[in-house]
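These notes are about the structure you will find just below.
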Amino acid sequence: MAKPILLVTRKLPEAIEARAARDYDARLNPQDEPWSTDGAEIARRAKEAKADGILGAAGDKLDAACIQALPDSVKVIATFSVGFDHIDIAAAKARNIVVVNTPEVLSFATAETAFTLMLMAARRAGEGERMVRAGRWKGWAPTQLLGVTLEGKKLGILGFGRIGRELANMARGFRMEIHYRDIQKLPPEVEQGAIYHDNEDGFLSTIDILSMHMPGGEANRHWLNAARIAKMKKGVVVVNSGRGVSVHDEALIAALKSGQVRAAGLDVYDGEPKVNPGYFALENVALLPHLGSATIETRDAMGHRALENLDAVLLKGTTPPHRVA
Ligand code: DGY
(Lines give C-alpha, C1' and ligand atoms only; values in the text may rest on other atoms or scores of the structure.)
Protein backbone atom coordinates (compact mmCIF):
# COMPACT_ATOMS: atom_id res chain seq x y z
CA MET A 1 0.00 0.00 0.00
CA ALA A 2 1.25 3.50 -0.80
CA LYS A 3 2.54 5.42 2.17
CA PRO A 4 0.54 8.51 3.22
CA ILE A 5 1.96 11.77 1.89
CA LEU A 6 3.33 14.07 4.56
CA LEU A 7 4.25 17.68 3.79
CA VAL A 8 6.92 18.90 6.22
CA THR A 9 7.15 22.69 6.25
CA ARG A 10 10.52 23.16 8.00
CA LYS A 11 13.86 21.44 8.27
CA LEU A 12 13.63 19.10 11.27
CA PRO A 13 16.27 17.18 13.30
CA GLU A 14 17.90 14.36 11.37
CA ALA A 15 16.30 11.52 13.35
CA ILE A 16 12.85 13.03 12.79
CA GLU A 17 13.29 13.47 9.07
CA ALA A 18 14.61 9.90 8.87
CA ARG A 19 11.58 8.53 10.73
CA ALA A 20 9.22 10.62 8.60
CA ALA A 21 10.88 9.36 5.41
CA ARG A 22 10.71 5.76 6.68
CA ASP A 23 7.00 5.79 7.48
CA TYR A 24 5.62 8.33 5.01
CA ASP A 25 6.05 9.60 1.51
CA ALA A 26 7.63 12.63 3.14
CA ARG A 27 8.02 15.89 1.24
CA LEU A 28 10.78 17.54 3.24
CA ASN A 29 12.10 21.11 3.21
CA PRO A 30 15.84 20.36 3.49
CA GLN A 31 16.99 23.93 2.78
CA ASP A 32 14.49 25.31 5.33
CA GLU A 33 13.31 27.78 2.72
CA PRO A 34 11.00 30.35 4.27
CA TRP A 35 7.88 29.36 2.30
CA SER A 36 6.51 28.03 5.57
CA THR A 37 5.63 31.55 6.74
CA ASP A 38 3.39 32.06 3.73
CA GLY A 39 0.05 30.32 4.20
CA ALA A 40 -0.80 30.44 0.48
CA GLU A 41 2.46 28.68 -0.35
CA ILE A 42 1.80 25.95 2.23
CA ALA A 43 -1.64 25.36 0.71
CA ARG A 44 -0.20 25.35 -2.82
CA ARG A 45 2.43 22.78 -1.88
CA ALA A 46 -0.13 20.64 -0.04
CA LYS A 47 -2.28 20.65 -3.18
CA GLU A 48 0.61 19.87 -5.48
CA ALA A 49 1.71 16.98 -3.24
CA LYS A 50 -1.89 15.77 -2.57
CA ALA A 51 -0.77 15.68 1.07
CA ASP A 52 -2.58 13.53 3.63
CA GLY A 53 -0.97 15.39 6.48
CA ILE A 54 1.07 18.47 7.23
CA LEU A 55 3.86 18.61 9.78
CA GLY A 56 4.28 22.32 10.47
CA ALA A 57 5.87 24.43 13.17
CA ALA A 58 5.55 27.60 15.22
CA GLY A 59 5.68 30.52 12.81
CA ASP A 60 3.83 28.78 9.98
CA LYS A 61 0.97 30.89 8.80
CA LEU A 62 -1.78 28.31 9.06
CA ASP A 63 -4.50 30.93 9.11
CA ALA A 64 -8.12 30.59 7.94
CA ALA A 65 -7.24 31.44 4.31
CA CYS A 66 -4.52 28.78 4.25
CA ILE A 67 -6.71 26.12 5.85
CA GLN A 68 -9.63 26.88 3.54
CA ALA A 69 -7.30 26.51 0.56
CA LEU A 70 -5.92 23.11 1.63
CA PRO A 71 -6.92 20.15 -0.55
CA ASP A 72 -9.53 17.70 0.76
CA SER A 73 -6.79 15.08 1.04
CA VAL A 74 -5.41 16.78 4.21
CA LYS A 75 -6.72 14.98 7.29
CA VAL A 76 -4.34 16.22 9.94
CA ILE A 77 -2.04 19.13 10.80
CA ALA A 78 0.67 18.46 13.39
CA THR A 79 2.58 21.39 14.79
CA PHE A 80 6.13 20.97 16.00
CA SER A 81 5.34 23.15 19.04
CA VAL A 82 3.17 23.20 22.11
CA GLY A 83 1.70 26.58 21.12
CA PHE A 84 -0.93 26.49 18.38
CA ASP A 85 -1.88 30.16 18.17
CA HIS A 86 -0.52 30.21 14.60
CA ILE A 87 -3.24 27.77 13.51
CA ASP A 88 -6.84 28.84 12.95
CA ILE A 89 -8.47 26.11 15.01
CA ALA A 90 -12.03 27.08 14.05
CA ALA A 91 -11.15 26.87 10.35
CA ALA A 92 -9.56 23.44 10.89
CA LYS A 93 -12.62 22.19 12.78
CA ALA A 94 -14.91 23.48 10.05
CA ARG A 95 -13.01 21.31 7.57
CA ASN A 96 -12.77 18.30 9.92
CA ILE A 97 -8.99 18.56 9.92
CA VAL A 98 -7.47 17.14 13.11
CA VAL A 99 -4.86 19.38 14.77
CA VAL A 100 -2.22 17.97 17.14
CA ASN A 101 0.65 19.55 19.09
CA THR A 102 3.67 18.46 21.18
CA PRO A 103 3.01 19.23 24.87
CA GLU A 104 5.01 18.08 27.94
CA VAL A 105 8.32 17.24 26.25
CA LEU A 106 9.43 20.87 26.07
CA SER A 107 8.43 22.09 29.52
CA PHE A 108 11.84 21.70 31.16
CA ALA A 109 13.78 23.25 28.28
CA THR A 110 11.43 26.22 28.08
CA ALA A 111 11.66 26.73 31.85
CA GLU A 112 15.45 26.61 31.49
CA THR A 113 15.21 29.43 28.97
CA ALA A 114 13.02 31.47 31.31
CA PHE A 115 15.51 30.87 34.10
CA THR A 116 18.42 31.84 31.85
CA LEU A 117 16.66 35.11 31.04
CA MET A 118 15.87 35.73 34.70
CA LEU A 119 19.56 35.37 35.60
CA MET A 120 20.70 37.37 32.60
CA ALA A 121 18.37 40.22 33.52
CA ALA A 122 18.97 40.19 37.28
CA ARG A 123 22.77 39.75 37.01
CA ARG A 124 23.29 41.96 33.93
CA ALA A 125 24.88 39.09 32.03
CA GLY A 126 24.08 40.39 28.55
CA GLU A 127 25.54 43.77 29.39
CA GLY A 128 28.72 42.19 30.79
CA GLU A 129 29.11 39.90 27.81
CA ARG A 130 28.76 42.82 25.40
CA MET A 131 31.35 44.80 27.38
CA VAL A 132 33.97 42.04 27.23
CA ARG A 133 33.29 41.21 23.60
CA ALA A 134 33.63 44.85 22.56
CA GLY A 135 36.98 45.17 24.35
CA ARG A 136 35.52 47.78 26.73
CA TRP A 137 36.32 45.90 29.96
CA LYS A 138 38.99 47.69 32.01
CA GLY A 139 39.18 45.11 34.82
CA TRP A 140 37.38 44.12 38.01
CA ALA A 141 35.88 46.93 40.07
CA PRO A 142 33.92 46.80 43.33
CA THR A 143 30.91 48.61 41.92
CA GLN A 144 30.96 47.33 38.38
CA LEU A 145 27.73 45.99 36.84
CA LEU A 146 26.01 45.30 40.14
CA GLY A 147 22.86 43.29 39.67
CA VAL A 148 20.39 41.86 42.14
CA THR A 149 20.36 38.33 43.55
CA LEU A 150 17.49 35.93 42.96
CA GLU A 151 17.86 34.48 46.45
CA GLY A 152 14.89 35.33 48.65
CA LYS A 153 13.07 37.20 45.89
CA LYS A 154 9.37 36.77 45.24
CA LEU A 155 8.95 35.16 41.83
CA GLY A 156 5.54 35.75 40.24
CA ILE A 157 4.69 33.05 37.72
CA LEU A 158 1.90 34.04 35.40
CA GLY A 159 0.40 30.78 34.14
CA PHE A 160 1.19 27.85 36.43
CA GLY A 161 1.03 25.14 33.77
CA ARG A 162 3.75 22.60 33.05
CA ILE A 163 6.38 25.18 32.14
CA GLY A 164 5.53 27.48 35.03
CA ARG A 165 5.75 24.57 37.46
CA GLU A 166 9.14 23.48 36.11
CA LEU A 167 10.34 27.04 36.58
CA ALA A 168 9.03 26.99 40.17
CA ASN A 169 11.06 23.81 40.85
CA MET A 170 14.22 25.47 39.57
CA ALA A 171 13.52 28.63 41.55
CA ARG A 172 13.13 26.68 44.79
CA GLY A 173 16.78 25.70 44.38
CA PHE A 174 17.59 29.42 44.39
CA ARG A 175 15.57 29.85 47.60
CA MET A 176 13.01 32.07 45.89
CA GLU A 177 9.45 32.48 47.17
CA ILE A 178 6.99 31.31 44.54
CA HIS A 179 3.75 33.22 43.81
CA TYR A 180 1.43 32.40 40.95
CA ARG A 181 -1.66 33.39 38.97
CA ASP A 182 -3.74 30.91 37.04
CA ILE A 183 -7.39 30.35 36.18
CA GLN A 184 -7.84 28.70 39.56
CA LYS A 185 -5.98 27.63 42.67
CA LEU A 186 -4.24 24.31 42.13
CA PRO A 187 -4.14 21.40 44.58
CA PRO A 188 -1.45 21.55 47.30
CA GLU A 189 0.54 18.68 45.76
CA VAL A 190 0.87 20.75 42.58
CA GLU A 191 1.50 24.05 44.37
CA GLN A 192 4.25 22.62 46.59
CA GLY A 193 4.13 25.72 48.73
CA ALA A 194 3.61 28.21 45.88
CA ILE A 195 1.27 31.04 46.90
CA TYR A 196 -1.86 31.52 44.77
CA HIS A 197 -3.22 35.00 44.09
CA ASP A 198 -6.87 35.28 43.12
CA ASN A 199 -6.42 39.03 42.81
CA GLU A 200 -4.31 40.45 40.01
CA ASP A 201 -3.45 43.73 41.72
CA GLY A 202 -2.32 41.88 44.84
CA PHE A 203 -0.12 39.60 42.72
CA LEU A 204 1.44 42.49 40.80
CA SER A 205 2.24 44.55 43.86
CA THR A 206 3.78 41.58 45.74
CA ILE A 207 6.31 40.18 43.33
CA ASP A 208 9.94 41.16 42.62
CA ILE A 209 10.20 39.21 39.37
CA LEU A 210 7.48 38.43 36.84
CA SER A 211 7.82 35.42 34.54
CA MET A 212 5.14 35.20 31.86
CA HIS A 213 3.91 31.85 30.55
CA MET A 214 0.70 32.79 28.80
CA PRO A 215 -0.58 31.25 25.58
CA GLY A 216 -0.74 33.47 22.52
CA GLY A 217 -3.90 34.75 20.91
CA GLU A 218 -5.98 37.88 20.98
CA ALA A 219 -7.27 37.31 24.51
CA ASN A 220 -3.81 38.01 25.92
CA ARG A 221 -2.78 40.76 23.50
CA HIS A 222 -0.69 43.39 25.33
CA TRP A 223 -1.55 42.00 28.76
CA LEU A 224 1.61 43.59 30.13
CA ASN A 225 0.72 47.23 29.53
CA ALA A 226 1.58 50.55 31.18
CA ALA A 227 -1.23 50.24 33.74
CA ARG A 228 -0.11 46.80 34.95
CA ILE A 229 3.56 47.79 34.96
CA ALA A 230 2.69 50.77 37.17
CA LYS A 231 1.10 48.39 39.70
CA MET A 232 4.35 46.49 40.19
CA LYS A 233 7.17 47.47 42.56
CA LYS A 234 9.72 49.90 41.18
CA GLY A 235 12.69 47.88 39.98
CA VAL A 236 10.76 44.73 39.11
CA VAL A 237 12.39 42.26 36.68
CA VAL A 238 10.22 41.00 33.80
CA VAL A 239 10.74 37.81 31.79
CA ASN A 240 8.68 36.59 28.85
CA SER A 241 9.23 33.19 27.29
CA GLY A 242 5.56 32.56 26.48
CA ARG A 243 4.30 34.55 23.51
CA GLY A 244 5.37 38.00 22.36
CA VAL A 245 1.85 39.20 21.79
CA SER A 246 1.25 39.45 25.55
CA VAL A 247 3.69 42.34 25.98
CA HIS A 248 3.00 45.93 24.93
CA ASP A 249 6.50 46.73 23.75
CA GLU A 250 6.25 50.51 23.91
CA ALA A 251 5.08 50.32 27.52
CA LEU A 252 7.87 47.94 28.51
CA ILE A 253 10.51 50.03 26.72
CA ALA A 254 9.31 53.18 28.54
CA ALA A 255 9.45 51.33 31.88
CA LEU A 256 12.96 49.99 31.17
CA LYS A 257 14.06 53.58 30.46
CA SER A 258 12.46 55.02 33.58
CA GLY A 259 13.71 52.25 35.87
CA GLN A 260 10.18 51.17 36.85
CA VAL A 261 11.33 47.88 35.33
CA ARG A 262 14.94 47.26 36.37
CA ALA A 263 15.64 44.74 33.64
CA ALA A 264 13.84 42.39 31.29
CA GLY A 265 14.57 39.14 29.48
CA LEU A 266 12.65 38.32 26.31
CA ASP A 267 12.63 35.20 24.17
CA VAL A 268 9.49 35.96 22.15
CA TYR A 269 8.25 39.07 20.34
CA ASP A 270 5.06 40.57 19.07
CA GLY A 271 5.24 40.05 15.30
CA GLU A 272 8.49 38.03 15.49
CA PRO A 273 10.95 37.68 13.88
CA LYS A 274 10.55 41.45 13.88
CA VAL A 275 11.71 42.92 17.19
CA ASN A 276 10.76 46.40 18.33
CA PRO A 277 13.97 48.39 17.63
CA GLY A 278 13.37 50.36 20.83
CA TYR A 279 14.93 47.43 22.71
CA PHE A 280 18.22 47.50 20.83
CA ALA A 281 19.63 50.61 22.47
CA LEU A 282 18.77 49.44 26.00
CA GLU A 283 21.45 47.70 28.06
CA ASN A 284 18.95 46.43 30.63
CA VAL A 285 17.17 43.98 28.36
CA ALA A 286 18.39 40.51 27.37
CA LEU A 287 17.07 39.41 23.98
CA LEU A 288 17.06 35.79 22.81
CA PRO A 289 15.80 34.51 19.43
CA HIS A 290 12.91 32.26 20.56
CA LEU A 291 15.22 29.60 22.00
CA GLY A 292 12.58 28.25 24.42
CA SER A 293 12.66 24.59 23.47
CA ALA A 294 15.94 24.67 21.53
CA THR A 295 17.86 21.73 22.94
CA ILE A 296 18.90 18.73 20.88
CA GLU A 297 17.08 16.40 23.27
CA THR A 298 13.88 18.43 23.32
CA ARG A 299 13.63 19.04 19.59
CA ASP A 300 14.06 15.29 18.99
CA ALA A 301 11.37 14.55 21.57
CA MET A 302 9.04 17.12 19.97
CA GLY A 303 9.53 15.52 16.57
CA HIS A 304 8.81 12.03 17.87
CA ARG A 305 5.73 13.34 19.64
CA ALA A 306 4.48 15.01 16.47
CA LEU A 307 5.03 11.79 14.52
CA GLU A 308 3.28 9.66 17.18
CA ASN A 309 0.25 11.86 16.69
CA LEU A 310 0.46 11.73 12.91
CA ASP A 311 0.87 7.95 13.04
CA ALA A 312 -2.33 7.67 15.06
CA VAL A 313 -4.34 9.53 12.41
CA LEU A 314 -2.63 8.47 9.20
CA LEU A 315 -1.23 4.98 9.91
CA LYS A 316 -3.33 3.46 12.68
CA GLY A 317 -6.69 5.17 12.46
CA THR A 318 -6.70 5.76 16.21
CA THR A 319 -7.28 8.87 18.34
CA PRO A 320 -4.11 10.95 18.51
CA PRO A 321 -2.88 11.46 22.08
CA HIS A 322 -2.38 15.23 21.80
CA ARG A 323 -5.32 16.53 19.86
CA VAL A 324 -6.19 20.22 20.11
CA ALA A 325 -8.88 20.20 17.39
C1 DGY B 1 6.27 26.18 21.30
O2 DGY B 1 6.42 24.95 21.30
O3 DGY B 1 5.16 26.69 21.31
C4 DGY B 1 7.50 26.98 21.21
O5 DGY B 1 7.28 28.31 21.42
C6 DGY B 1 8.20 26.75 19.90
O7 DGY B 1 9.53 26.51 20.22
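Count, please, the residues in segment 269-302 that happen to be farther than 23 Å from Ala109 by Cβ and either within 17 Å of the chain's Cα centre (by Cα) or not in a loop (DSSP other than H, G, I, E, B) (or both).
Total satisfying the criteria: 5.
From the list Asn225, Asn220, which residue is in contact with a His (Cβ under 6 Å, 6 or more places away or on another chain) and either over 22 Å from Leu150 (Cβ atoms) or in the same structural domain as Leu252 (by TED's automatic domain parsing) (or both)? Lay out the reasoning, then the answer.
Details: Asn220 fails: in contact with a His (Cβ under 6 Å, 6 or more places away or on another chain).
Step by step, each of Asn225, Asn220 is checked, and only Asn225 is in contact with a His (Cβ under 6 Å, 6 or more places away or on another chain) and either over 22 Å from Leu150 (Cβ atoms) or in the same structural domain as Leu252 (by TED's automatic domain parsing) (or both).
Sort out for me the helices (runs of 4 or more DSSP H) sitting completely within segment 164-268 that have 3 or more residues that are more than 27 Å from Glu127 (Cα to Cα).
188-191, 200-206
For Ala57, work out the one condition from (1) within 16 Å of the ligand (Cβ to nearest atom); (2) over 24 Å from Glu218 (Cβ atoms); (3) among the aliphatic types (A, V, I, L, M) it doesn't fulfil.
(2)
On the given criteria, is Lys50 away from the ligand (no atom under 16 Å from the Cβ) and on the phi > 0 side of the Ramachandran plot?
yes
The values are calculated or read from the model by the stated rules, or taken from the named source; none is laboratory data. Remember, predicted model here, so these are calculated numbers, not experimental data. With ideal geometry, Cβ positions are generated from the backbone for all residues, glycine too; neighbour counts draw on all protein chains shown.
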